[in-house]
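Coordinate-derived values only; no laboratory data. Just so it is clear, the structure is predicted and the values come from calculations on it, not from any experiment. Reconstructed Cβ throughout: ideal geometry from the backbone, glycine too, with neighbour counts over all protein chains shown.
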Amino acid sequence: MNKELTDSRLLGNLYNYILTIADNSLILAQRLGELCGHGPSLETDIALTNISLDLLGQTRSYYQYAAKISGESKTEDDIAFLRIEREYKNCLLVEQPNTHFGYVIGRQFLFDVYHLMLMEKLQNSPDENLAAIAKKGIKEVSYHKRFSSDWVKRLGDGTEESNTKMQEAIDDLWRYTDELFLMTEAENAMVKESIGIDVSSFKVKYYKEVSEVLKEATLIIPENKYFAKGGKEGVHTEHMGYILADLQYMQRTYPNMSW
Amino acid sequence: MLTEAAHIEKHLIPVLKTVSDPEIPVLSVLDLGVIREAIEENGIVHIKLTPTYSGCPAMDVIGDDLKKAFSEIGKKAEVELILSPAWSTDWISEEGLKKMEEYGIARPLSETADKDVLLGEKKLVKCPQCGSTNTHLVSQFGSTACKALFKCDDCQEPFDYFKCLK
């Protein structure tokens with residue numbers, strides 16, 4: 001194999017790898033953004049949209065990097081707005097709807113624990129760009145995790161109704177957690193190059209930490225036998241199309257518009 | 001204060017001082033410690049800017065304001081956004097912290113103290129209005145990503161606390 005071909009394959013895998021991480025942040029940011037002005041209280045409204053903003057900031061950094069190595073004249077906006085559904089690599093968990101506040105918190109918590117573990121490893125990547133984004137992101141993500149864990153405990157160990165709703169959300173969202181640790185082709189390729197992170201390596205640690213918080217919140221840890229997967233390979237749940245319709249509407253209707 | 005660690009050419013400081021954070025207008029970009037490098041080469045000013053938070057919407061505005069400030073004295077400025085090393089509240093100058101307090105925002109505490117107050121376990125944040133530490137956390141997130149919302153239990157005034165970021 002000639003060197004050029006290897007390089008272009010490597011860059012292609014790196015590009016997909018960046019999107020595997022970044023798309024989670026974009027879609028979750030979009031979901032949280034839907035709550036702007038609709039949060040259950042002013043404080044939580046501000047908190048959720050601030051978390052959304054952090055995630056969007058991280059997304060921009062990733063997409064700018066991806067655009068740079070894409071080899072085409074792409075911009076961060078093209079990557080964010082002009083892909084079709086099958087090209088988004090986010091996990092199924094982050095696209096789940098804001099059914100009620102318990103779901104918003106449950107989804108956030110189940111993602112934050114994973115996200116922080118990933119960032120802690122990624123900050124040591126020899127890829128300087130990814131390491132810098134992760135180092136910056138860790139400070140933000142640890143704060144998100146603190147917020148979501150606090151709320152899981154408050155709702156779980158709160159009233160009968162809040163406990164029921166929190167349990168309902170955890171039971172429903174649990175099936176999307178296993179996918180976080182499935183390795184895609186791009187992830188495997190990047191692990192081989194020592195740039196990427198083997199997400200399966202912290203799966204046990206993840207479930208241990210999540211379970212500890214759920215126990216403290218007096219919630220029952222689900223014992224699913226069935227787990228959903230597909231998002232990381234571009235096969236999404238029915239919710240994804242609606243998210244993209246909202247997200248992409250302006251760019252599709254008025255191509256290249258800017259604020 | 002680590003602003004000294006940033007590489008800023010002395011003759012550019014007067015212009016940089018005129019550019020402020022749009023969210024906290026009393027703080028200049030120098031007070032805030034977001035300018036990591038400012039050098040002039042062949043008549044062009046090269047500035048390296050680092051965001052406080054990844055999604056900080058003030059960054060684009062600050063970039064534009066920097067270019068405008070230099071164009072007013074007939075100089076072209078190029079602004080580059082850098083992420084590494086990540087910004088820390090340690091980079092806010094002492095002068096900046098004082099201005100912030102006068103403006104009504106409580107200054108960041110040390111990392112451990114910060115954790116204690118944000119978990120609501122200790123009363124350490126000083127009210128910028130009356131100076132009392134009899135204050136409590138209202139919300140972990142405030143008017144911007146870098147602040148949390150507090151309330152003073154003595155003078156009853158709500159206020160922003162600039163979160164410690166290290």
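Test residue A:17 against the criterion of being away from chain B (no Cβ under 13 Å), surrounded by 22 or more Cβ atoms within 10 Å (Cβ to Cβ) and out of contact with any Phe, Trp or Tyr (no Cβ under 9 Å at 6 or more places or on another chain), and give yes or no.
yes
Within segment A:65-110, restricting attention to residues that are of a type in the set (Ser, Thr, Tyr) and in contact (Cβ under 8 Å) with a residue 60 or more places away in the chain, which residue is nearest to residue A:128 (Cα to Cα)?
Filtering first and then ranking leaves A:65.
State whether the residues of segment A:77-99 include one that is surrounded by fewer than 16 Cβ atoms within 10 Å (Cβ to Cβ), in contact with a Leu (Cβ under 9 Å, 6 or more places away or on another chain), more than 14 Å from every other protein chain (Cβ to nearest Cβ) and in a helix (DSSP H, G or I).
So far as segment A:77-99 goes, yes, one or more of its residues are surrounded by fewer than 16 Cβ atoms within 10 Å (Cβ to Cβ), in contact with a Leu (Cβ under 9 Å, 6 or more places away or on another chain), more than 14 Å from every other protein chain (Cβ to nearest Cβ) and in a helix (DSSP H, G or I).
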Among the listed residues A:187, A:120, identify the single one that is out of contact with any strand residue (DSSP E or B) (no Cβ under 9 Å at 6 or more places or on another chain), under 22 Å from residue A:207 (Cα atoms) and surrounded by fewer than 18 Cβ atoms within 10 Å (Cβ to Cβ). A:120
Return the residues of segment A:122-153 that are away from every other protein chain (no Cβ under 11 Å), among the charged types (D, E, K, R) and touching a residue at least 60 places away in the same chain (Cβ under 8 Å); say none if nothing qualifies. A:127, A:153
Count of segment B:29-50 residues which are of a type in the set (S, T, N, Q) and more than 15 Å from residue B:6 (Cα to Cα): 1
Go through segment B:101-122 and give me each residue that's in a loop (DSSP other than H, G, I, E, B), among the small types (Gly, Ala, Ser) and under 19 Å from the mean Cα position of the chain (by Cα). B:104, B:110
Please find, within segment A:39-76, the residue that is farthest from the other protein chains (Cβ to nearest Cβ) out of those that are farther than 21 Å from residue A:115 by Cα and of a type in the set (Lys, Arg). A:74
Hits in segment A:32-45 (condition: of a type outside the set (Asp, Glu) and surrounded by fewer than 22 Cβ atoms within 10 Å (Cβ to Cβ)): A:33, A:35, A:36, A:37, A:38, A:39, A:40, A:41, A:42, A:44
